[in-house]
Every structure is written in structure tokens, then in C-alpha cells.
1. Report ³J(HN,Hα) in whole Hz for each residue of the range 636-643, in order, from the Karplus equation J = 6.51 cos²θ - 1.76 cosθ + 1.60 where θ = phi - 60°; Gly and Pro get x.
2. Tell me, what ³J(HN,Hα) does each residue in the range 461-470 have, in order and in whole Hz, if you take phi through Karplus 6.51 cos²θ - 1.76 cosθ + 1.60 with θ = phi - 60° and put x for Gly and Pro?
3. What does the charge count around residue 380 come to, taking other residues whose C-beta lies under 14 Å from its C-beta (Lys +1, Arg +1, Asp -1, Glu -1)?
4. Once a ≥ b ≥ c are taken as the square roots of the eigenvalues of the Cα gyration tensor of the range 177-248, is the result rounded (a/c under 1.5), prolate (a/b larger than b/c) or oblate (a/b not larger than b/c)?
5. Provide Rg and Dmax in Å for the range 403-457, with only Cα atoms included in the calculation.
6. Where q = 0.26 Å⁻¹, what log10 of I(q)/I(0) comes from the Debye formula for the range 694-767, counting one point per Cα?
7. Below 12 angstrom from the Cβ of residue 149, what's the summed charge of the other residues (Lys, Arg +1; Asp, Glu -1)?
8. Can you give the FRET efficiency for residue 481 and residue 549, using 1/(1 + (r/R0)^6), R0 = 60 Å, r = Cβ-Cβ distance, to the nearest 0.05?
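Derivation of every value follows stated rules applied to the coordinates shown; laboratory data play no part. Keep in mind that what you see is a predicted model, and the values were worked out from it rather than measured. Positions of Cβ are backbone-derived with ideal geometry, glycine not excepted, and every protein chain shown enters the neighbour counts.
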Amino acid sequence: MKAPVAWLREYCDPGLSSEEIGERLSLSGTELERILRVGVPSTDGNPGFFRIGKVLSAEQHPDADRLSVCNVQLAGSDTRTIVCGAPNVAAGETVLVALPGAVLPDGTKLGRVKLRGVVSDGMILSETEVQLGTDSAGIMVLPDSLEAGEEAGRYVTLGDDVLELEVSPNRPDCMCVYGIARELHAVTESPLAADPGSEDAPAEGESEAGHLLAVTVADPELCPRFSVRIFTDVEVGPSPLWLKARLTAIGQRPINNVVDITNYVMLLLGQPLHAYDLDRVAGPALTVRRAHEGERLVTLDAEHRVLDAEAVLVCDADGPTGIGGIMGGARSEVSADTRRIAMEAATWSGPNILETSTKLGLRTEASARFERQLHPELALAAQRLAARLMVEVSGARMAPGTIDVAQPVPPAHRIELRSQRVEGLLGERIEPAESTAILARLAFGVEPRDGDLDVEVPYFRDGDVRREADLIEEVARIRGLSRLPATLPSRRHAVGGLTRAQKLRRTAADLLRGRGLSEVITFSFISPQVTAKLRLAPYDARTRVLMITNPLSEEHAAMRTTLLPGLLDAAQHNVARDRRSLRMFETGRVFLSNGQEVQPEERLHVGVLLAGEWQPKTWRSEPRRPDFYVVKGLLAGLLEALGVEWRLVDGGPSFLHPGRAAEVLVEAHDVGYIGELHPSVARDFGLGELEQPPAVFEIDLGQVVAAAERKERRYDDLITYPAVLQDIAVVVDDAVEAQTVADAVRAAGGPELRSVQIFDLYRGEQVGPGKKSLALRLEFRSPERTLTDEDVAAIRKRIEARLASEVGGTLRA
């Protein structure tokens, strides 16, 4: 919404600068986006260089066919010779003159210049040269009543500041200059001029409006009010300069006086109007109805519009002549030959206008207001203002009566405002007298009632203020939100907080960020061909792709079943820009289809991708290229931080390198994979330039967190007795997994065996073919006493027996 400050001051002048006005409005909820300067600059006394002049003579230039040498009178005997190229300059005209030293809106500074041998001492101006209109064909000819020599700013606004305001969707009343003036009046307590829509024009026509036009509303739900006034003896022509200046300042292009009046009323009061050439309305009759499916109409912008059955049309006897609430039709457009006008001010269903304008891709100033739902009372206020302007500006006569097809207007909404409730919500007592004064400035009707207030909501706030809390908000914002006391919530009544599952999920992300990884967010949509690109086996659950009914594109036609494609795309994007040291992770949802009749599975996964050079965050670690063991270290740190028991088993999906991949098990459940990407898959995803394919892992974070929640958290007392450390070497068949050996040792060790760590692997002649030797470090500790060598020897015998019986292992000497 744009509000010229000079126009605003006509209705409420707080005596503040444009910046101060914008700040006051912003603090009350109508946010100032920026201030635009239109027209003549106001700095360094520039407006004083623009004067009213009288053309005393206009003679042909002696050396130019298209130039005139004019003798222009200013104040008293001050006359200037000005060379002018306008075809309409003539003796006796009152004109606007810019003297040497004046700065025009485009930044041009005028001086005395010689044009074909004649010195020009100024410039006679056109509308476009001072941004007062769009007519550049000739100079402005002003009314003869203006005094020559006076500053032009006394008669017309040459330059102005325009406030560009962000109006929230619930405030259609602020989509107009007078609505902003009401807000300014409320926050500054400066006087507010009378509502410009309160005074009507006299009806001097001969025939009743109802005799000149018939109106029918077939669907009152979509058009609660359709009012029409008839004007005869209309003189269509250019608008007066003040009207052109107002429209130009706010960004509207002046067209003719009738159309300009409709735009002026809309910008001042917020109610869009539409003018029909009554002689071009077939019937003459207007019918408001729903469109037929596929019905067509040529709108004022000369576009052919195809409508569906949800659109609302205004039709005459020959068919559609306008799209209700959005744009009129070309068939009944006002032209220079128009002599009779039917002026429509209607109320439309906001949701319907929004839906239709969206479908048509046609958003207008009218639809922007109607979609916020205007009140029916506003239509008649706009009719009264438009009538006065039609009589004043176009010389029209208004036919008696108003055609008003309307549903019963609901009574004004009444709300009880309790002082105790105000204090409860705002944390500070506000006296009823102060609340009454604030609401009265906002045009609410207020009556005291037993220490509380009975408030009547004005019609232009009916859709916004519906509850007691809304009234309290009005009091708080106008009084000043900064004046409310700052209080902290009581811990006694505090609610909320993170669940253990939420804390664990946050722990996972924090740990990866702490290891130097960057978090990425990628699309949940993928191409259905990604499963083939990843070389997934037919039985792989990741092939259960969930297709999207209405996809954005063919490349985004399915929901992802794994985070890996998004991570690979992000990696390719970085590699293409010569960034090859990649450390990234993503936490997001994956989706597995269960068929059309069953809800899909939605799982929370975390995925990691490492590529290029890896620098661990420890002071003595050397940089290395990410491989299986680097990414395994990250996975181990993550799962141990979450407090779950886990293990790796050989295998992994087909997009990983054989022999450098594994499945991740938690509580014997498959929760993900880890490994190095297969070189061919890396090439297919644009990562073939890397010296080594990325190392990745992905786990089902939901399953891991659930396992962590199931695990009982127990804390051991600190033990004051020292530990006994011993290393053993176990010889087993090469096919026996190290984890199996470690599990057998733990099971036999009992409570005194506190930890088991595998720290070496040996294959060679000393253990024989098909065998391997695993070195384990055992920690023994008792909470009751210091263990002796004899105690530990007994435990080791149990371990040796268990190894022999379960895994066929023997201890090396």
C-alpha cells in the first residue's frame, strides 16, 4: 500500500516528518517498508524555482519551425523570454514555469540556454516533466484563477514523499489513504478529518435509477451487495491536475476523469468501483451469476479469458461484461463518447475472488482488496464520494435513487472488554478510561458497564476484531507494546521441554557438527530413475518408491527412499565448483511405499558423506583421505554417544564397493549401511573426478534412538581399587568374526571384567594357514577389593574354556 504524505496530511496532520510518521505506523503494526520521493526534489529551496506564469505572447521562432518564443509574465513587471517546443502554447494561457536553478525530478538542473540564437530564461513544463501525469504531448494549461508569480506549490503538489507500507492480510481497512489516516490519528491523537464517504451529492436527474437499469443477483452468497448509481450528461475528458497528481504519486496511470474517479475512491476509501457505459450495456440490464464452464470474456486489458464454473460474472443481455471483483470487460468500457454512466460498487466473496484471480493469473488492485473481504457498508460510502466527484469533475447529473440489491447487513459486533482480562493478558493494569480513549480514536463505540466496557466494532473492522483478545491487542498496540513490562515466565508453571528421543536426535546432529561436518538440506523429491542409477537389487526396500500424484517436474516425481542421492547431488555441486574436500551430513525423512491402499512408511535417517582430504579434529592426527575406516570412526563415535550396542557385518547395498562395505546392526536389527561408494556409481553421479570415491554411511536414526530409549541407563559407583590389565592373543579360524570372539570373552569374564578391546590382528606362519590371531586387552576391576594375580588367573581359565567350546579358539603362549 502506498500513501502520499501530502494526501495523508489532508485527513490527519500530526506535524511530524515522513520518517517519524513511518516509525509511528510501524510501531503500531503497519510496517513501513520504504519512503519514495516523487516529483520535484524539495532540498535547497528547489520548490521556490517553480512559479505560475502568464503567457503574454507566443511568436514563431525566427530560426526553427517547431519552436515558439514566449514572453511569460511572473510577478509584477518580471517577465521572462522562454523558448518552448510545445504545439499547444498560446498567448493568454496560465502555465507552470521552472526558472534557472530548478532541479527537475530526473535530476536535471536548469540554466539559461541559447536555443537557435534566442536565450531561454526558464522552461514551460508539461505534466510528465514534473511527474504530475502522463501527458507529454503539450504543456500544462492551468486555470486562469491562479495568481502569476506565486510558487506553484501553493496550488498543486509538485513533490511528495510516498510511504510504502506492508499491510497484513487481516487489515483491509488499511488498504487506503483514509484508513492509514485513521491509524495515524489513533497513535498520535492528532485531529482526524471527517470520513470523505459521509457526504452525498444532490440527485438532479430526471428519471429514477431503477427505471434506467435492471439489476439481478443470482448468487447472493458470492455477491452480498451490488449497488449501482446512474449519471447522465457526463463529459468524459482529462482529469483535473490535482486528481492526476494524486494518482501518479501513488503509482496509478491517469486515463480519463470517470476512470480516474473510480481509482481515486478506491485509493482513498479502499472500495473498488467499476464504471459502465450505460449505452453499451445490453438490455439495459445487469445480472450477477456464476460463469458457465469454459465461458469466455475479453477484459479491459484486451486479453481473452476462459473461466470455470467457480468464477462470478457480471452480464448484460448479450452475455458477460466483466469478471466480478477483478476486472471489467471491454464491451462496456467508458470512452470519450460516453454520456451515461452506471457506477457499480459491490461486495464480493473474498475467498472466491482469491481463487478466481489465482486461476486466471490476473491480480488487480481491486482483487487485492476484495480478497481480504470488504464490508457491505463500505460500498455505499464509496458511492457517496464517487457521486460528489462525478458531479464536480465530469459535470454529470445523478439520477435519483440507488439500485441496491443486497442481503441483510448483520448488526455491528459487540464485545465485552474486561479490565481484569486486559491485565491478565498484558501483565499490566490499564485503566478503563485509557482503553476507552484508545478504542474511541479507532472509531469503536464504547460504553462503560460496571467497571468494564461494552464495545461496538465499526463496520470496517468487522472481519478483524471478533474476540475480546482482539480488542486487547488494539489497546496494546496503540498504547505502545514497548510500554508493557518485561516479565519472565514462572518456572513453577513452566511447560514443554525436549523428550529424551528429541534430545538424542539433537545429540546426533551436534556430534557430527562438532566433528567438523556441515549440515545440508536437500530435496525430498527424486527422479524415479535414481534406483536404477544406484544399481539397487529388486528385493532392496529402497526400490519401493512412492510416486507423487502432481509432481513439480519429471526429475522430482517421487519421494526419496534414501538420503544418499541428495548427498551425492550436493557433493557434485561442490566438486563442479572446484571444492573437493567435502564433509557433510543430513538428517531427514525417507519414504517407502506400501502400495496405493496403505499408508507409506516414513522414517528418520541420518546420512554422512566424506570426500577429499580429511583432517580429524585432534592435535596429533595427520590428514588422510576418507575411506571405510575414517567413516567407521565417525559412526562409532555417533552410536557410542547415543549409548547403543552395535556391530558391523559383512555385506552392504550394491551401490557400495565390494569388500569395503558393511551392514550396521543395533540389537541384531539392520539399521543401515557403511562403506565406500562404488566407483561406477560415483561416475554416474558426476564424482568421477575424485581420486577416491566418497565414503558414506546412513542409519535409521529413529530405530537407533528407540533402542537407546529402551536401554536402561545405569551409573556405576566410582571404584577406588586399581584395575588389572592383561593382554591375551586368541587363535581362531579365519572365518570367525572378531566380534564373536569379544562376545565370548565378555560372557566368560563375569562382573570383574570391565572392558574388552581388540587392538591387533595377525595372519602368518606362526598361526598356520586358515588361522588368525586376535590380540585383546582385558581390564579387570572389583568394587570390593584389589584383585590378585590368582583372582585374574581363575577368570582367564573360564575365558579360555569358553573360547575353546564356542569358537574353537586357543590362547597363544
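1. 4, x, 5, 5, 6, 5, 7, x
2. Once θ is set to phi - 60°, the couplings for the range 461-470 become 10, 4, x, 9, 9, 10, 10, 4, 4, 5 Hz.
3. Neighbourhood net charge equals -2.
4. Note, shape of the range 177-248 comes out oblate.
5. Just the Cα atoms of the range 403-457 yield Rg and Dmax of 14.6, 51 Å.
6. -1.22
7. 0
8. The value I calculate is 0.85.
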